[in-house]
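Report on the structure given below.
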Amino acid sequence: MLFYISLVAFLSLLVMLTYRYRTFITPHLPERVRSMFPKLSNYTPLSTFSEQVGLGMTSSDFDIEANIRDGDSRVGLDEQGTQEVLEIMRRERVNFDQARLIRHNRILASNGIDPSGMPMDSKAITRL
């Protein structure tokens, strides 16, 4: 009986770890296996400024194309932030600048700061 419980626990742990680290595992799977599970292959990391420009991650206020022209040695924008902005653009149907503003306001709110830059903590001293 203990053997079966251990086996079920091990298999459950294996499934949970596979699900958790699926973005690292899927590039190493054969194409045949990836095509069977289309949900696994919808993540494609952006690695260069050129790819990010192609996805609409540029504007007159945030000009990534200038980085390309100037030969910027960095790889590209932050992967997590890029994915968040793309998700906001898709879900809320806004342009790149509006999506960046929404993300920035969410980050401020999670740190206890309102969109104007003032702390939301009632104990904060804002004037002397």
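Take the Cβ atoms of Leu13 and Arg93, set R0 to 41 Å, and the FRET efficiency comes out at 0.55.
Here the accessible area is traced with a 1.4 Å probe on the protein chains. For the chain, carbon and sulfur cover 60 percent of it. Eigen-decomposition of the gyration tensor built on the alpha-carbon atoms of segment 49-111 gives equivalent ellipsoid semi-axes of 21, 13, 10 angstrom, largest listed first. Histogrammed with a bin width of 10 Å, the alpha carbon distances of the chain distribute as 10, 24, 25, 22, 12, 6, 1 percent, first bin at zero. Surface listing: Phe96, Phe10 arranged by accessible area from highest to lowest gives Phe10, Phe96, probe 1.4 Å.
When only C-alpha pairs under 8 Å and at least 6 residues apart count, what is the relative contact order of segment 49-111, in percent? Show your work: numbers first, answer last.
On the way: 37 pairs, mean separation 19.0, N = 63.
In percent, rounded to a whole number, it is 30.
Remark: relative contact order (the chain) = 13 percent; criterion is Cα-Cα distance under 8 angstrom and separation of 6 or more residues.
Remark: the Thr126-Glu51 segment gains 22.7 nm on full extension, using 0.36 nm per residue and subtracting the alpha carbon distance. I'd like the distance between the alpha-carbon centres of segment 72-128 and segment 7-31, rounded to an integer number of Å. The distance from the Cα centre of segment 72-128 to that of segment 7-31 comes to 32 Å. With a 1.4 Å probe rolled over the protein heavy atoms of all chains, the accessible area of Leu86, Leu55, Leu128 falls in the order Leu128, Leu55, Leu86, largest first.
Taking all protein chains as shown and a probe of 1.4 angstrom, Val8 keeps an accessible surface of around 90 Å². Here the spin labels are modelled as points 7 Å beyond Cα on the Cα-Cβ line, and at Asp78 and Ser116 they lie 2.6 nm apart. Computed with a 1.4 Å probe over protein heavy atoms only, the accessible surface of the chain comes to 80 Å² per residue. By the helix-only formula, in which each DSSP H run with n ≥ 4 contributes -39500 (n - 2.57) and the sum is divided by residues, the chain has a 222 nm mean residue ellipticity of -16000 deg cm²/dmol.
The values are calculated or read from the model by the stated rules, or taken from the named source; none is laboratory data. Since we're looking at a predicted model, the values are computed, not measured. When we count neighbours, we look across all protein chains shown, and the Cβ atoms used for this are built from the backbone with ideal geometry, even at glycine. Ligands, DNA and RNA are excluded from the accessible area calculation, which covers all protein heavy atoms including side chains. Shrake-Rupley method; radii C 1.70, N 1.55, O 1.52, S 1.80 Å.
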